[in-house]
Amino acid sequence: MSKQVISTPVIRRLPRYYRFLGDLELEKVERISSRELAARMGLSASQIRQDFNCFGGFGQQGYGYHVGELHEIIGRILGVHEQTGVILIGAGNLGKAIASHLDFDSRGCRLIGVFDSNPLLAGTSTHDLPIMPMETLDSFCAMHHPQVAVLCIPKDAAQQLADHLISLGIKGFWNFSHFDLKIASPDVIVENVHLGDSLMTLAYCMHSLGEDEENS
């Protein structure tokens with residue numbers, strides 16, 4: 001039997017489900033209906049049921065969802081207990097902020113190495129990890145076998161470095177370089193993150209809201 005292909009929108013909603021269910025656990029909520037969960041998340045109950053049915057469905061008719069069990073199941077789907085090895089390249093302001101403030105461990109990843117080409121950063125540290133020179137990248141990957149690379153580097157260096165990292169065994173990129181990586185291999189996953197795009201989306205919505213108010 002072929003594996004069911006899950007659509008990207010469903011996959012992108014899974015972390016939100018996991019986060020909201022985690023909050024419900026902290027609130028000591030033991031069970032919740034799809035309607036109640038939908039109201040909290042700004043979705044429709046039918047959308048939630050459709051999403052969960054992609055993985056077999058988890059609720060019980062007349063009972064709803066057991067919050068703790070559903071949180072654990074979605075966590076397993078997301079692989080939050082896998083602890084995939086991650087390296088971060090580019091220990092500037094953004095890289096240091098990501099290393100210091102993002103809880104990698106609770107999201108299925110473990111930050112094991114930080115690299116930067118700036119010799120002035122050698123010997124310093126972030127997130128209790130030493131910042132290593134790029135010259136040590138190959139030997140580090142050969143020894144520790146990281147699978148994911150976080151790129152916080154200038155866009156003109158991103159593609160060449162990504163191609164090299166693939167040769168070192170990297171299978172996934174979280175890319176903040178403001179350049180959309182072009183990866184030919186279907187076995188390599190790329191998540192291009194453009195913070196500026198998100199800000200411009202907000203600016204557009206604010207501008208449109210202002211126009212609607214003026215025309216009302």
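The values are calculated or read from the model by the stated rules, or taken from the named source; none is laboratory data. Please read all numbers here as calculations on a predicted model, not as lab measurements. Neighbour counts are summed over all protein chains in view; Cβ atoms, including those assigned to glycine, are modelled from backbone coordinates with ideal geometry.
What the table below lists for this structure:
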item	result
Matching entry among 154, 119, 130 (being more than 21 Å from residue 98 (Cβ to Cβ) and not polar (S, T, N, Q))	119
Test: residue in the range 58-75 that is free of Cβ contacts under 8 Å to residues at least 40 places away in the same chain, over 15 Å from the mean Cα position of the chain (by Cα) and in the same structural domain as residue 127 (by TED's automatic domain parsing)	no
Qualifying positions in the range 3-25 - surrounded by fewer than 16 Cβ atoms within 10 Å (Cβ to Cβ), more than 17 Å from the chain's Cα centre (by Cα) and at pLDDT 95 or above	23, 25
Residue in the range 173-216 that is nearest to the chain's Cα centre (by Cα), counting only those that are aromatic (Phe, Trp, Tyr) and outside any helix (DSSP H, G or I)	174
Residue within the range 158-172 that is at positive phi and either more than 16 Å from the chain's Cα centre (by Cα) or crowded, with 19+ Cβ neighbours inside 10 Å (or both) present	yes
Whichever residue in the range 31-76 is assigned to a loop (DSSP other than H, G, I, E, B) and in contact with a strand residue (DSSP E or B) (Cβ under 7 Å, 6 or more places away or on another chain) and, among such residues, is surrounded by the most Cβ atoms within 10 Å (Cβ to Cβ)	59
Residue in the range 94-109 that is of a type in the set (Asp, Glu) and in the same structural domain as residue 177 (by TED's automatic domain parsing) present	yes
When residues of the range 111-146 are limited to those that are loosely packed, with under 13 Cβ neighbours inside 10 Å and within 23 Å of the chain's Cα centre (by Cα), the one farthest from residue 169 (Cα to Cα)	128
Search result, residues across the range 63-109 that are charged (D, E, K, R) and under 20 Å from residue 144 (Cα atoms)	82, 105, 107
Residue match in the range 7-30 (condition: polar (S, T, N, Q) and closer than 25 Å to residue 109 by Cβ)	yes
